[in-house]
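The values are calculated or read from the model by the stated rules, or taken from the named source; none is laboratory data. Here the structure is a predicted model, which means the values were calculated and not measured. So basically every Cβ, Gly included, is an ideal-geometry build from the backbone, and we count neighbours across all protein chains shown. When the accessible area is computed, the model is the full protein with side chains, heavy atoms only, and any ligands, DNA or RNA have been set aside. Shrake-Rupley method; radii C 1.70, N 1.55, O 1.52, S 1.80 Å.
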Amino acid sequence: MTSAWNNYFAPDTVADALDILQRYDGQARVIGGGTDLLVETRRGLRRPIEAIVDATRIGGLGAITEEDEYIVIGCGVSHTTIVNDPRIIRYGTCLSESCGVIGGPQVRNTGTLAGNVAHALPAGDGTIGLLALGGEVEITSSNGVCWIPAKDTFAGPGRSHIDRHREILTRIRFRRTTDNEGSAHCRVMRPQGLCLPIISMATRLELHGDMITSAGISMGPVGPVPWFAEPAAAVLVGQPASAQQFGKAVEAALENITLRTSKYRATEEYRETMIRTHLPIILETAVRRAGGSQ
Amino acid sequence: MSRLQMTVNGSPVDIEVDESRYLSDVLRDELRLTGTKIGCAEAECGICTVLVDGTPIVSCVYPAFKAQGRHIETIEGLEHDGKLHALQQAFLDHGAVQCGICTPGLIMTAKGLLDRKAAVNETVSEADIRAALKDSYCRCTGYQSVINAILQASGQDVPPYLPETRAPESEVGKPRPNPNALAKIRGSARFTDDYHFPGMLFARTKRAHVPHARIVSIDAAAARELDGVHAVLTHEDIPGRNAHGVVSVDWPVLCGLKVRYAGDAVAIVAADNEAIATAALDLINVEYEELPAVTDPIAALQPNAPQVHSERPDGNLLKHIKVGKGNIDTGFAAADVIVDQTYRTPTTEHLFLEPECSIGVPAGYDPTRFGGTCDALAERGETARHAKTTIYVGSQIPYADRDQAAATLGVEANDVRVVATLMGGGFGGKEDITGQIHAALLAEATKQPVKMLYSRQESLLVHPKRHATVIRMRTGATKDGKLVAVEATLYGDGGAYASLSEKVLTRATTHASGPYDIPNVRVDCFATYTNNVPAGAFRGFGVTQSCFAAESNMDILAGKLGLDPVEFRRRNALDVGSTTVTGQVMRESVGLHECIDRVDADMRDGDFRWTWDEGHKRLAWGLAIGYKNTGLGGGAPDKATAEVEAWQDPEKGLVAEVRISSAEMGQGLPGVLASCAAEELGIPTESVSVLLGDTDVCPDGGPTTASRQTFVSGNAARLAARDVAEMLAEAPGTRVVAQHEYWAPATQPLGTGGDMHVAFSFVAQAALCEIDMRSGEVQVRKIVAAHDVGRAINPLTLEGQIEGGIVMCIGYALTEHYIQEDGKPWTNVMARYKTPSITHAPPIVSHIVEHELSTGPFGAKGMGELPSIVTGPAITNAIYNATGVRVRSLPVDQDSLLQAIRAGATEVELGWGDRHPIPTIEFGGEH
């Protein structure tokens, strides 16, 4: 097979990784599992890469940890590890669910959530789950380290604001949900053709009594980037959890997006119907899960 | 180059490898562990799965250096001290190994699951298996046997699923694994790409990528100059006939004047390695004058349509096939109810998991000249020299490959030898020439062996597919439920070259009215050329298409008549004494009624309803019945010659070898031949070896097509064994050889009113489908099936074919469509073509009906295609019963279906991938 890359590095520190990026001056790419990038390159959709920098062996970034109120996921952590982690199942349910539908088992065994977020597809399932939880990403460069909301990293379909020549997405975190919170994810696919979602949606709700006190909703593909649906979540906050209110959230979501028919994937009408049908379903599931039960 | 250190199957590996390599390539090429197979190089099919530190990964996109310091397990490492791993033994016992190309991937994925569950002391459930193997594909088995085998291997007592069959003879009728299954589960079975010849070069083909164009010029000079390129050939370099074709010889080996579809070959390159060959392709400059393309079979017959083969007097009409019985005007006049509907079926792709590979070896090749020995010959115990031009290929028709290659090389047929290697699936897609002739041409041009391996993407582009059809069918019945007339007009898209279009569409035509006794029938079928991908043989061979129309109409008619769909079919089903639509009287072996009865009894067992709700899911049963010819029929000479040799083995006593060129593609032919011969010789099947597919050593068994091998080659093997038995009776203890040429009973061409086929096999299937009323998604929950096969020679491999065939037809109904846009394939990667995964594979309850055929070996008829015919309409009939919506195009699109359900519509016209409505067609073909 024609080579998709020439040199392979698996640095064990972030500093080394940044150093390689700098040395290759735009000709190096960071990979987690590499499945997205390498499949596209093997298919001739991308130019071959001079150097790949495998981020999964960097010390300290291969595990899930807890820091204060956050659950922190290193960039080397695979989807499978996320799916099965009891802390994420309990305190970040929609992320466990969303990572669990990516591809198939083999791809989840090597693919990483960091890679999913950095790839910036309009409906990366793991990303959708993370957004609903208000996830943040840690960007490391030679200038230092900073945390930014994951929702602010998307520039366009498949384009991230993360400067891949100079920056590395090193960690991901989200606030652990409390006993008053529940989260849920769902996805509608078709069994034919490309394995891309027709719609992927996630939500996190916090309830006190039957009042929704905070909410996060995310969905894609509904535009060029994964959408953190603030207008829809805003409709719910301070309101009782009810089918009627969920309906208003649906309307708010639909008002703020332009759905399109995509060839061989879904008509605009079907996408709208799927949002109308399934958003209330995950909202209800999140309500049920709020209150500590799973 | 850098140093890669890892452990592979417990042994340390320390090698210098380019950092750019994938793990799959290092395993196969550097370490010569060819048990790990490559199916797609897209991380789609999972057959390349290996374990890294116990975790299943797809090795085709896994950088080799990611494995640095890790522990790799491949299929070759499973055995210990000559003892098979529990998974290997279970796969054997359960018949979960057919063609074998996916077997290592399935087993390694399963091992990952079993080890993981064992580590935490958890039992393995079926749900666990379905989740773990979701992206580990198989195209042959239908997954049921795989699930059972894994449960068994996890320590649970799960017997192999075997339907009840007649009491066996001494050998015939007993379930046993395919003789070649052992090598497949060990990873030692070799497919063509697993062979290595010293001095071997790598070849690639320059393809048109435009659907219709005149070739203005071909400039290969720069490519020839490239370092590492040994030869670049164009049409000017062809010594003999620049054409091939299994029926009509209309397909250029290398195009010189024009290209007629996107996959047409314009030049071939042989180079030191694949990367150089690929680079050389880019240096070949072909100038085209693009021509308007015709991409629709009805448009192809319009007066001003672009002509695909301008020299043909009939233009784009490949053939107008007609079938007539009685008088349809009288017939319809007597009908109380008439249903008139138009249906559409898609182009579909075989997706055998082994991409095509041919190796050409030049006449006089001596491997020692290149410093080595040759695996392939060492295996066969032969000497090193290839006296003749030799082609190694997994092919369904070795003799036809030989003859076509010889014609192009400009030599006598006998000057070429074809050695058939194991085929990783065929299903009809490996009957036409692909790389055989190209590899031979390059081998002779370079005087070195040349391997031509297709990528998955090239395979999708190039080989013939299942014909897309549009079918208008009018069915009339009296109010007491008797069919009185059927009229149908079919258009079949044959694509750029004839391939087997004539045969396929004849079959679609003769079977169009269904397995019913109908006094008045008229069917017109127009097989056309277009600039789409050629269409040819694919399991079901036209009957899969026309059955969709026939069995949909039957349910609609039953509804209008107020009759139960099963009862309506009973009133009309063929039986002994019936006359078929072509005028053939069924004198024996018609098990259709028993098939219907057994499926009906099962379906209605307990508290039966046609449809009910479970939460937001609507469930419903749907039924369809069908039939399929055994053998070539239509007057074609249908024969096979088998050679049997027997001798005394000091340990085993009398042993024998059956030799025939017939092809095994996982359907279990060697076991069938061995049992037939063993029965005649009075020895155990295990004492009979089978050598297939070497045109120098094996007499011609004919093509593996038309569900004919058990019948024709089975009889040839049986009769040759009988000859040997007679010779041994005269001269006991000696080594004897006999050849027997068996001719199937003569058949008559269509239109003469005589027997068109030697036999028919019959099928009834009921599908329990689940429709998600929120999303329109359709899942098959269960299939109940009954197949009349005459006699089950090997119930284990028979059941494997049934389950695999059913699941393949589920794919045709629900998930598969090879989409072309104005002659350019949208389906250009495996990611865009989904065949059923384990997630889509329902439990199957299987009944074997055995209405013996007197001329069949021990009563057997053909059955390889039979399971892949009626499942489509069974599913769409269920969808109708659930929702009131009639699906008229396949595959079912959940988007259109849901919108129809919500709008209260009664039908859906568009299938997934359809951009245009179903064309309106006139009966008789006024186009």
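List of remarks:
- Among residues of the stretch B:753-794, those that are in contact with a Cys (Cβ under 8 Å, 6 or more places away or on another chain) and surrounded by 24 or more Cβ atoms within 10 Å (Cβ to Cβ), counted: 9
- Residue within the stretch B:714-731 that is out of contact with any Ser or Thr (no Cβ under 9 Å at 6 or more places or on another chain), in contact (Cβ under 8 Å) with a residue 12 or more places away in the chain, more than 27 Å from B:ALA656 (Cα to Cα) and surrounded by fewer than 24 Cβ atoms within 10 Å (Cβ to Cβ) present: no
- Only helices (runs of 4 or more DSSP H) whose full extent lies in the stretch B:79-134 are considered here, and the ones with at least 1 residues that are under 18 Å from A:GLY104 (Cβ atoms) and in contact (Cβ under 8 Å) with a residue 24 or more places away in the chain are B:103-119, B:126-132.
- Filter result (among the charged types (D, E, K, R) and open to solvent by 40 Å² or more (accessible area, probe 1.4 Å)) within the stretch B:402-411: B:ASP403
- Count of the stretch A:100-144 residues which are closer than 12 Å to A:ILE82 by Cβ, open to solvent by less than 20 Å² (accessible area, probe 1.4 Å), within 14 Å of chain B (Cβ to nearest Cβ) and not in a loop (DSSP other than H, G, I, E, B): 1
- Test: residue in the stretch B:412-431 that is under 30 Å from A:LEU45 (Cα atoms) and surrounded by fewer than 24 Cβ atoms within 10 Å (Cβ to Cβ): no
- Flag for B:ASN828 being open to solvent by 10 Å² or more (accessible area, probe 1.4 Å) and away from every other protein chain (no Cβ under 14 Å): no
- The stretch A:263-277 - residue that is buried (at least 20 other Cβ atoms within 10 Å of the Cβ) and either more than 30 Å from B:GLU821 (Cβ to Cβ) or among the hydrophobic types (A, V, I, L, M, F, W, C) (or both) and, of those, farthest from the other protein chains (Cβ to nearest Cβ): A:ILE275
- Taking the listed residues B:GLU502, B:GLU487, the one that is closer than 27 Å to B:GLY635 by Cβ, part of a strand (DSSP E or B), of a type in the set (Asp, Glu) and in contact with a Lys or Arg (Cβ under 6 Å, 6 or more places away or on another chain) is B:GLU487, with no other qualifying.
- The residues on offer are B:ARG507, B:ARG570, B:ARG539, and the sole one that is in contact with an Asp or Glu (Cβ under 6 Å, 6 or more places away or on another chain) and not aromatic (Phe, Trp, Tyr) is B:ARG539.
- Residue ID - least open to solvent (accessible area, probe 1.4 Å), chosen from residues in the stretch A:41-50 that are within 9 Å of chain B (Cβ to nearest Cβ) and touching a residue at least 24 places away in the same chain (Cβ under 8 Å): A:ARG42
- Scanning the stretch A:180-196 for residues that are modelled with pLDDT of 95 or more and either open to solvent by 30 Å² or more (accessible area, probe 1.4 Å) or not in a strand (DSSP E or B) (or both) gives A:ASN180, A:ARG187, A:MET189, A:ARG190, A:PRO191, A:GLN192.
- Among residues of the stretch A:2-40, those that are open to solvent by 60 Å² or more (accessible area, probe 1.4 Å) and within 13 Å of chain B (Cβ to nearest Cβ), counted: 4
- Restricting A:ARG171, A:ARG166, A:ARG175, A:ARG159 to residues that are within 30 Å of B:ALA831 (Cα to Cα), open to solvent by 50 Å² or more (accessible area, probe 1.4 Å) and not small (Gly, Ala, Ser) narrows the list to A:ARG159.
- Qualifying residues in the stretch A:240-262 (those that are in contact with a strand residue (DSSP E or B) (Cβ under 7 Å, 6 or more places away or on another chain) and either basic (Lys, Arg) or more than 23 Å from A:LYS151 (Cβ to Cβ) (or both)) - the one nearest to the other protein chains (Cβ to nearest Cβ): A:ALA241
- Note on the stretch B:628-640: residues that are in a strand (DSSP E or B) and surrounded by fewer than 24 Cβ atoms within 10 Å (Cβ to Cβ) total 1.
- Taken over the stretch B:434-485, the criterion of being open to solvent by 10 Å² or more (accessible area, probe 1.4 Å) and small (Gly, Ala, Ser) is satisfied by B:ALA445, B:SER455, B:ALA468.
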